[in-house]
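Student: Could you have a look at this structure, given as structure tokens, before my questions?
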Amino acid sequence: MSELKWELIYKMEQIEKQGLKYALISGQLNANDFLVKIFEIDQASDEHTEAVNNLATLKDEEVRQRLQEPEEIFLKYCKILSLTNFHIGQIEAMDHANPEKALNYFEEALAPTKNVKDSSYQDWVYYVSGTIAYFKNNLDSLSDFIAKISDEKNKKVLERLLIGLTERGEPDYIKDY
């Protein structure tokens, strides 16, 4: 696909996101539907290529203010903010160029989880924490999070990370994920 066509697609996506923001701010779209749409945009590709744009939208001050109440919306916002940061961390980790940048996004993914007291969300916290332990070369912590997590899919990912880290002594997210 030509560069001009990609640029046009990008601009159209930005207009859609600005439309979402405007719809939220103007009251044409309620907070829950806004968050559902942001999540759908994130999930539209396996590579989560829209995560960077979604993060900019989620961190927009006007958007943030609209998503602070009621508590149910704020918690949903925190969860989506965490997921978005995590996906950017994955994108950075797959790039290999700057593992510290990936680690920063993974740590940013953990920050909003402190607001969520739902016990069913604890597996996500373990998964993010285990990923952080992997990037910090902390085999003991990674093993601890593997023992705590009950979600089988994410547990298997953490187990692969542990195996790779044990074998090489350093993270290689592309190989281990």
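Student: Taking Cα atoms, how many degrees apart are the long axis of helix 71-95 and the longest axis of the chain, rounded to 10 and kept between 0 and 90?
Tutor: Between the helix axis and the principal axis of the chain, the angle is about 60 degrees.
Student: If packing is taken as the mean number of other Cβ atoms within 10 Å per residue, what is the order of 56-65, 137-146, highest first? Working shown, then result.
Tutor: Working: 56-65: 14.3, 137-146: 16.4.
Final packing ranking: 137-146, 56-65.
Student: Could you go through the range 33-50 in sequence order and give the Karplus-derived ³J(HN,Hα) for each residue, using 6.51 cos²θ - 1.76 cosθ + 1.60 with θ = phi - 60°, rounded to whole Hz, and x for Gly and Pro?
Tutor: 5, 4, 5, 4, 5, 4, 4, 4, 4, 4, 7, 5, 9, 5, 7, 6, 5, 8
Student: Starting from the Kirkwood radius over alpha-carbon pairs of the range 35-84, derive D by Stokes-Einstein at 37 °C in a medium of 0.692 mPa s and give it in µm² s⁻¹. Walk me through the intermediate numbers first.
Tutor: On the way: Rh = 10.9 Å.
In µm²/s, the coefficient rounds to 301.
Student: Return the distance in nm (one decimal) between the two label points of a simple spin-label model at VAL52 and ILE163, each offset 7 Å from Cα along Cα→Cβ.
Tutor: Each label point is offset 7 Å from its Cα along the Cβ direction, giving 3.2 nm.
Student: Shifting gears a bit: Set Lys and Arg Cβ to +1 and Asp and Glu Cβ to -1, take the dipole of the chain about its Cα centre, and tell me which of LEU162, SER143, LEU29 lies farthest positive.
Tutor: Ranked along the dipole, the leading option is LEU29.
Student: Describe numerically, in nm with one decimal, the distance between label points set 7 Å from Cα along Cα→Cβ at LYS117 and at LYS156.
Tutor: Those two pseudo-labels are separated by 3.5 nm.
Student: Now for a different question. What's the angle, to the nearest 10 degrees (0 to 90), between helix 152-168's Cα axis and the longest principal axis of the chain?
Tutor: 50 degrees
Student: Right, something else. Would you mind putting 112-122, 96-106 in packing order, based on average other-beta-carbon counts within 10 Å, highest first? Display every interim value, and only then the final one.
Tutor: Values: 112-122: 13.3, 96-106: 15.8.
Result, highest mean Cβ count within 10 Å first: 96-106, 112-122.
Student: Can you tell me, using C-alpha contacts under 8 Å and at least 6 residues apart, the relative contact order of the chain as a whole percent?
Tutor: Values: 177 pairs, mean separation 24.1, N = 177.
Worked out over the chain, it gives 14 percent.
Student: For the range 141-149, just list the computed ³J(HN,Hα) in residue order, Karplus coefficients 6.51, -1.76 and 1.60, θ = phi - 60°, integers in Hz, with x standing in for Gly and Pro.
Tutor: These are the phi-based 3J(HN,Hα) values: 5, 4, 4, 4, 5, 4, 5, 7, 6 Hz.
Student: Take the Cα pairs of the range 131-177, get the Kirkwood Rh, then feed it into Stokes-Einstein at 37 °C and 0.692 mPa s and tell me D in µm²/s. Walk me through the numbers before you get to the answer.
Tutor: Working: Rh = 10.2 Å.
For these conditions, the coefficient is 321 µm²/s.
Student: Highest first, please rank the peptides 149-158, 123-132 by the mean number of other Cβ atoms sitting within 10 Å of their residues.
Tutor: 123-132, 149-158
Student: For helix 3-26, what angle does its Cα long axis make with the longest principal axis of the chain, in degrees from 0 to 90 and rounded to 10?
Tutor: Compared with the principal axis, the helix lies near 70 degrees.
Student: Follow-up question, since we're still on this one. Can you give the extra length, in nm with one decimal, that the chain gains between GLU71 and MET94 once fully stretched, where that is 0.36 nm per residue apart less the Cα-Cα distance? Could the numbers behind the result be given before it?
Tutor: On the way: separation 23, 0.36 × 23 = 8.28 nm, distance 3.45 nm.
Extra length available between GLU71 and MET94 comes to 4.8 nm.
Student: Let me spell out the model: positive unit charges on the Cβ of Lys and Arg, negative unit charges on the Cβ of Asp and Glu, origin at the Cα centre of the chain. What dipole size does that give, in debye rounded to 20?
Tutor: Details: 21 positive and 32 negative charges, 44 e Å.
So the dipole magnitude of the chain works out to roughly 220 debye.
Taken together, the values in this text are just the output of simple stated rules run on the coordinates, not laboratory data. Values in this document were obtained by computation on a predicted structure and should not be read as measured data. Positions of Cβ are generated from backbone atoms using ideal geometry, with glycine treated the same way; all protein chains shown enter the neighbour counts.
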